[in-house]
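Quick notes on the structure that follows.
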Amino acid sequence: MKKKMLAMAMAATMALGLGTAAFAEEAVETKVALITMDQMDVHWVRLKEAADAKVAEYNEAGNKIEMTWMAPETKDNAQQIQKIEAAIADGVNYIIIACNDATSCNMALQEALDAGIKIIYVDAPASLEASATFATDNYAGGVQAGEYMKKVLDEAGVTEGTIGIVDAQAGVDSCENRYQGFASVFEGTDFTLGERQYSDGDNSKAQELANTLINNGVVAIYGTNDGATNGAAAAVADAANNGTTVYCVGWDKSDSNIAHVEGGELLAFMAQNPDVMGADAIDAVVAMEQGEDLGGEVVDTGVSTVDAENVADFK
């Protein structure tokens, strides 16, 4: 896959350009499957809602795009493969997918390509080449989160200790990159990153894991997705009520994480733009239906650090 990352402004320009062209050309009729990692994470719900809105916009202008959300109930490689196979059997023309990891779906995706189906990645690509990818640069976002955490610890006079990691699921490429980017910031320091604890993105499990980390004396906790961050922040809040200070930074915009920032137990979260991913993916479908070759381009859909100073802007 061509590793060309564009700025967020370019992503917006691309979306606008594709949309404008779509309304000027011959009407499009096509069938799309949207396969996210699961149905429960608010991140995927927002992506799906943005894709739905863009489909409705095109259809109101005379196009006929049929999109079906075919996500597994929970993050599971076997279930995601089954969804790909179901999409192939359903005769879709496009699969828009956020892959659980970089390789598990490759065989099924190759079957789709062999059947003439075009693949578009959103958020989390596989290693198999696709027509286009709309995703966060997760490594850079992890660096951003690490730098924020390091600044907070420096300001608090904390110069050493263990930073606990509450992760989502082993093998998820996006979370792997978020971890690696974060870890790079603490190389050569007196901080140690603890063994990654996998919560499967479940809030309650993440809170239990974070409670154990706090009991074991971590000075801070990093959450790699919405559920992991939400659970970790809840554990930090409980610790604060018992007189223990633990610093927490994580990922993903949700009502719960916004509330945690307002409550002070979550210092910051990295906000992605799933609405941009969903809308741009549908724009790409229309562009390809009208004969454009997107060349496997990878578009960075951006990330923002949300803390107490700007959280009101993200509500």
(message) Probe radius 1.4 Å, ligands and nucleic acids ignored: give me the carbon and sulfur share of the accessible area of region 28-141 as a rounded percent.
(response) 47
(message) Taking the Cα centre as origin and putting +1 on Lys and Arg beta-carbons and -1 on Asp and Glu beta-carbons, what dipole magnitude results for region 178-238, to the nearest 20 debye?
(response) 60
(request) Run the quick spin-label model on GLU111 and ALA170: label points 7 Å from Cα toward the beta carbon, then report their separation in nm to one decimal. (result) 2.6
(message) Taking all protein chains in place and a 1.4 Å probe, what share, in percent, of the accessible surface of region 249-296 do carbon and sulfur account for?
(response) 39
(message) Probe of 1.4 angstrom, ligands and nucleic acids ignored: what's the accessible area per residue over the chain, in square angstrom?
(response) 41
(message) Just to verify a number: FRET efficiency for GLU208 and ALA27, C-beta to C-beta distance, R0 = 45 Å, to 0.05?
(response) 0.30
(request) Of the listed values (1) 19.9; (2) 18.9; (3) 15.5, grab the one calculated as mean projected area of the Cα convex hull in nm² from the structure here. (result) (3)
(request) Please list the non-local residues whose amide H lies under 5 Å from the amide H of GLY250, H modeled 1.01 Å from N, same-chain partners needing a gap of 5 or more. (result) GLY223, ALA268, PHE269, MET270
(request) Output ³J(HN,Hα) for region 96-113: one whole-Hz value per residue in order, computed from phi by the Karplus curve 6.51 cos²θ - 1.76 cosθ + 1.60 with θ = phi - 60°, and x for Gly and Pro. (result) 9, 9, 10, 7, 4, 8, 6, 10, 4, 9, 4, 5, 5, 5, 5, 4, 5, 4
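Would you mind working out the magnitude of the charge dipole of the chain relative to its Cα centre, with +1 at each Lys and Arg C-beta and -1 at each Asp and Glu C-beta, to the nearest 20 Debye?
Numbers: 18 positive and 50 negative charges, 46 e Å.
The calculated dipole for the chain is roughly 220 debye.
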(message) I need the shape label for region 164-252. Rule: rounded when a/c is under 1.5, else prolate if a/b > b/c, else oblate, with a, b, c from the alpha carbon gyration tensor.
(response) oblate
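Given only helices, namely DSSP H runs of n ≥ 4 each adding -39500 (n - 2.57), what is the per-residue ellipticity at 222 nm of the chain, to the nearest 500 deg cm²/dmol? Can you show the working numbers first?
On the way: 10 runs with 143 residues, N = 315.
Computed mean residue ellipticity for the chain: -14500 deg cm²/dmol.
On a 28 Å Cα-Cα criterion, which of the cross-link pairs LYS75/LYS150; LYS54/LYS205; LYS151/LYS253; LYS48/LYS118; LYS150/LYS253; LYS150/LYS205 come out too long?
Numbers: LYS75/LYS150 31 Å; LYS54/LYS205 35 Å; LYS151/LYS253 21 Å; LYS48/LYS118 19 Å; LYS150/LYS253 21 Å; LYS150/LYS205 26 Å.
Result: LYS75/LYS150; LYS54/LYS205 exceed 28 Å.
The values are calculated or read from the model by the stated rules, or taken from the named source; none is laboratory data. Since the structure is predicted, the reported quantities are computational estimates derived from the model, not experimental observations. A quick note on method: Cβ atoms are made from the backbone with ideal geometry, for glycine too, and the neighbour counts reach across all protein chains shown. Surface areas here come from the heavy atoms of the whole protein model, side chains and all, with no ligands, DNA or RNA. Shrake-Rupley method; radii C 1.70, N 1.55, O 1.52, S 1.80 Å.
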